[in-house]
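For reference, the structure is listed below as structure tokens.
Each value in this text was obtained by applying a stated rule to the coordinates, not by laboratory testing. The structure displayed is predicted, hence computed values, not measured ones. Note: ideal-geometry Cβ built from the backbone for every residue, glycine included; neighbour counts use all protein chains shown.
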Amino acid sequence: MHFFLETERLIMRELLITDVDDMFELDSNPEVHKYLGKNPINTKAQAEAAIAFIRTQYLERGIGRFATIEKSSGNFIGWSGLKLNTGEIETLGTKKEFYDIGYRFMPKYWGKGYATESSIAVLDYGFQNLKLDLICGAAETGNTASNAILQKIGLQYIEQFPYESEMVNWYELKKEDYAKTMS
Ligand SMILES: CC(C)(COP(=O)(O)OP(=O)(O)OC[C@H]1O[C@@H](n2cnc3c(N)ncnc32)[C@H](O)[C@@H]1OP(=O)(O)O)[C@@H](O)C(=O)NCCC(=O)NCCS
């Protein structure tokens, strides 16, 4: 799979096994996992397994999160992109089969608008290239940054429900509503 998306300041490409050290740095950081179930990883083998799982998704589901690179430095900053959650493996409350938009960056790259910038390109990719009808988003209620981003890029708040001892806000954006904002 040769995914390649470019924005003003970022490049998004497929995640590679060679990203393992960067993925370990990202996912072993408790600050990054504060609103992700508070369960950071401990070993590089776990980072390697996460990359392998995403690469399997590229092949089996046609999509998965993209490695995100800061153009000015060439550094891997984290990932951004779409995931097809399948009812067999991943569920979120009563949600069983859905594409969700997500992002996860190293703290040194927060606060620069990178999540917003990458997500705008990802929505475009989802609706234009993948021809999706609906893109969803979920964020723990306390995750102020993520809730702000989902709203800013046009997703509509739908409902709130408990998930793994936290409350989650659920958002959706329909193709026709996205098309309206583009016209
Ligand atoms: C969520 C995350 C990707 C945001 O990345 P980012 O590149 O810093 O996000 P952006 O700069 O594009 O936008 C963040 C927005 O939230 C706002 N924000 C951030 N923290 C905030 C806070 N504590 N209170 C109020 N607003 C806040 C910012 O002001 C910004 O909005 P603005 O552009 O209108 O000013 C990053 O914090 C991260 O990787 N967190 C860990 C993983 C995670 O929680 N992922 C999301 C799971 S749902």
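A few remarks follow.
- The trypsin sites (Lys or Arg not before Pro) of the stretch 17-112 that meet both conditions, a loop assignment by DSSP and at most 16 other Cβ atoms within 10 Å of the site Cβ, are 34, 38, 71, 96, 112.
- Least to most buried among 33, 2 (fewest other Cβ within 10 Å first): 2, 33
- Cα gyration tensor, the stretch 54-160 - rounded (a/c under 1.5), prolate or oblate: oblate
- Length added when fully stretched, residue 177-residue 75, from 0.36 nm per residue minus Cα-Cα: 33.3 nm
- Annotation for the stretch 21-51: GluC sites (Glu not before Pro) lying in DSSP loop with at most 15 further Cβ atoms inside 10 Å of their Cβ are 31.
- Phi angles across the stretch 33-48 convert, under the Karplus curve 6.51 cos²θ - 1.76 cosθ + 1.60 with θ = phi - 60°, into 3J(HN,Hα) values of 8, 3, 10, 10, x, 6, 9, x, 7, 10, 9, 5, 4, 5, 5, 5 Hz, Gly and Pro given as x.
- For the stretch 4-182, the percent of C-alpha pairs falling in each 10 Å distance bin, counted from 0 to the bin holding the largest distance, reads 9, 38, 42, 11, 0.
- From least to most packed, judged by other beta carbons within 10 angstrom and beginning with the fewest, 100, 177 follow the order 177, 100.
- Structure note, pairs 34/152; 96/175; 71/175; 44/152; 83/131; 34/131: Cα-Cα distances above 26 angstrom occur for 71/175; 44/152; 34/131.
- In this simple spin-label approximation, residue 131 and residue 160 carry label points 7 Å from Cα along the Cα→Cβ vector, and these lie 3.9 nm apart.
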